[in-house]
Amino acid sequence: MANTWWEIQISCESALEDSVSWRLEDFGCRGTASESKGDSCLVKGYLPIFQAQLLDLAALGLWLQQDALCIGLSSPTLTWQLIDEEDWASSWKQYWHPQEIGDRFLINPAWLPSPENSDRLVIRLDPGVAFGTGNHATTQLCLESLEMRLSEVPKSFISQGGNQEPVIIADIGCGSGILSIGAVLLGAQKVYAVDTDPLAVQSTFSNRALNEVNPERLVPAEGSVDILKKLIERPVDGIVCNILADVIIQLVPEISEISKPSTWAIFSGILVEQSTSVAEALEKHGWVVATMWKRKEWCCLNVRRT
């Protein structure tokens, strides 16, 4: 049964798609996929069988109903079934297509041919069971924020031995590795990518190879900030952290320990209503919120040290 998964299917109004996806991720789903048809949407989440019992799934249904009622929308319909891992690994891929993000990125599913004559930075991706396909608002906000932060890094300064100081980044909660790879493509010299989920770390290794990223420039590891402290040689220049707000708040003291006065950071995975709590935690530890970008009910905080 170790390779058996719950496939959770939720039919809802399109306006609930992001809320439902967040609820599934908070519930513990290792990946989600969605398909829109007019004003309705089908969202699927995948969870190892040992992580949830029938009572847990029933509770999820109640939470989804409450979420819908709070914003005046119809209650979603929740169904579930058990599937084998090999079925889950391919069942959602038919819904995922190449996607442009920001001004510079194109996320391309690994099983599709790469586009010809594209002037965008192409990230080939097979997320496996890890979170991070580029479809979610929080991932998009992080990639767009990285574009802004790294816009002054010349593409070729590393290979040509430019005079600009190299940029070292920590990716906390790396998921599929999409943000780490994006940072490398934008010119970061090195990214340390950590995640507490071993499947996510495995996915980051796989996607590093898919994108032919030099292993010395992208270093994945299982763990959190405690592992980063052992890996890095000096405080990092930038931090990207796309995880849940409650976890960000808990990690702020440790994150501050791996930063220096000039360090910048990008925090997402935050519902707009949670932004004040996250900002207060950051400010208590010497961070200043420079901008807050919103997309639907999600936001991304771009911060710097005081």
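The values are calculated or read from the model by the stated rules, or taken from the named source; none is laboratory data. This is a predicted model, so every value here is computed, not measured. Here Cβ is always computed from backbone atoms with ideal geometry, including for glycine, and neighbour counts include all displayed protein chains. Ligands, DNA and RNA are excluded from the accessible area calculation, which covers all protein heavy atoms including side chains. Shrake-Rupley method; radii C 1.70, N 1.55, O 1.52, S 1.80 Å.
Please work out if THR138 is modelled with pLDDT under 95 and surrounded by fewer than 18 Cβ atoms within 10 Å (Cβ to Cβ). When the stated conditions are applied, THR138 does not pass them. Condition test on LEU251, is it in contact with an Asp or Glu (Cβ under 7 Å, 6 or more places away or on another chain) and surrounded by fewer than 21 Cβ atoms within 10 Å (Cβ to Cβ)? So LEU251 does not fit the description; no.
Taking the condition modelled with pLDDT under 85 and either part of a strand (DSSP E or B) or among the aliphatic types (A, V, I, L, M) (or both), does LEU60 pass? Criteria not met by LEU60. Of all the criteria given as (1) exposed (fewer than 13 other Cβ atoms within 10 Å of the Cβ); (2) at pLDDT below 90; (3) part of a loop (DSSP other than H, G, I, E, B), the one not satisfied by GLY72 is (2). Taken as a whole, the condition of being open to solvent by less than 40 Å² (accessible area, probe 1.4 Å), closer than 27 Å to GLY177 by Cα and touching a residue at least 40 places away in the same chain (Cβ under 8 Å) applies to ASP18. Only one entry in ALA245, ALA221 is under 22 Å from ALA200 (Cα atoms), open to solvent by 10 Å² or more (accessible area, probe 1.4 Å) and of a type outside the set (Lys, Arg), namely ALA221. Could you run through the stretch 141-177 and say how many residues are more than 11 Å from GLY238 (Cβ to Cβ), of a type in the set (A, V, I, L, M) and at pLDDT 90 or above? The number of residues fulfilling the criteria is 4.
Of the numbered criteria (1) under 19 Å from LYS229 (Cα atoms); (2) crowded, with 19+ Cβ neighbours inside 10 Å, the one SER268 fails is (1).
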